[in-house]
Amino acid sequence: MQGFRLIGGQYQAISPNDRGYLWSEQLGLYLGIFDRKLRYFTGDGQLVPTPQEAELEQRQAKEQALLEKKQAFLEKEQALLEKEQVFLEKERERQAKEKLAQKLRELGIDPDAI
């Protein structure tokens, strides 16, 4: 890949960096080949996403945030269900004890004295 800069009415070759990228003073970006395509790179060599790539990244970030919210909701719902289960078990135990105490009273036995 070759690039040129117009200086004083004459084109002069742009020297590539160690990665083979050419610096564009007008753009403030490097130009280089990535995946067999001419692409832009930042001053520190990071690939500048195309509009389609940026849109995809944004959509994926939104989807990830939505999935995380759903996961948090499901975890809270699970915790509530577990608390409800514990409550129901304690209620069943209380009812069973009450039923047993009632049966003992019917037999003339004071359940509190046992």
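Below are the figures for this structure:
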| item | result |
| --- | --- |
| Long-range amide H partners of V48 with built H, under 5 Å | Y40, F41, T42 |
| Sequence-distant residues sharing a close amide H with S24 (under 5 Å, placed H) | L29, Y30, L31 |
| Candidates E93, E57, E77: whichever shows maximal mean-square fluctuation once the chain is modelled as a Gaussian network with Cα springs under 10 Å | E93 |
| Which labelled figure in (i) 13.1, 39; (ii) 36.5, 117; (iii) 21.7, 80 is Rg and Dmax of the Cα atoms in Å, once derived from the coordinates | (ii) |
| Given charges at beta-carbon only (K, R positive; D, E negative), |dipole| of the chain in Debye | 280 debye |
| Under 5 Å, built H, 5+ apart or other chain: amide partners of I14 | G3, F4, R5 |
| Fully extended contour minus Cα-Cα distance, from A61 to F4, at 0.36 nm per residue | 16.7 nm |
| Options A101, A72, P51, ranked by Cα towards positive dipole end of the stretch 51-104, top entry (Cβ charges) | A101 |
| Backbone HN-Hα couplings from phi across the stretch 55-70 [Karplus 6.51/-1.76/1.60, Hz, Gly and Pro as x] | 5, 4, 4, 5, 5, 5, 5, 5, 5, 5, 4, 5, 4, 5, 5, 4 |
| The chain, helix-only ellipticity at 222 nm - DSSP H runs n ≥ 4, -39,500 (n - 2.57), divided by all residues, nearest 500 | -18500 deg cm²/dmol |
| Partners for K97 among aspartates and glutamates (Cα-Cα distance below 19 Å; same-chain residues under 8 apart left out) | E89, E106, D110, D112 |
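Read the figures in this text as sums done on the coordinates, not as results from a lab. These figures come from a predicted structure and were not determined experimentally. When we count neighbours, we look across all protein chains shown, and the Cβ atoms used for this are built from the backbone with ideal geometry, even at glycine.
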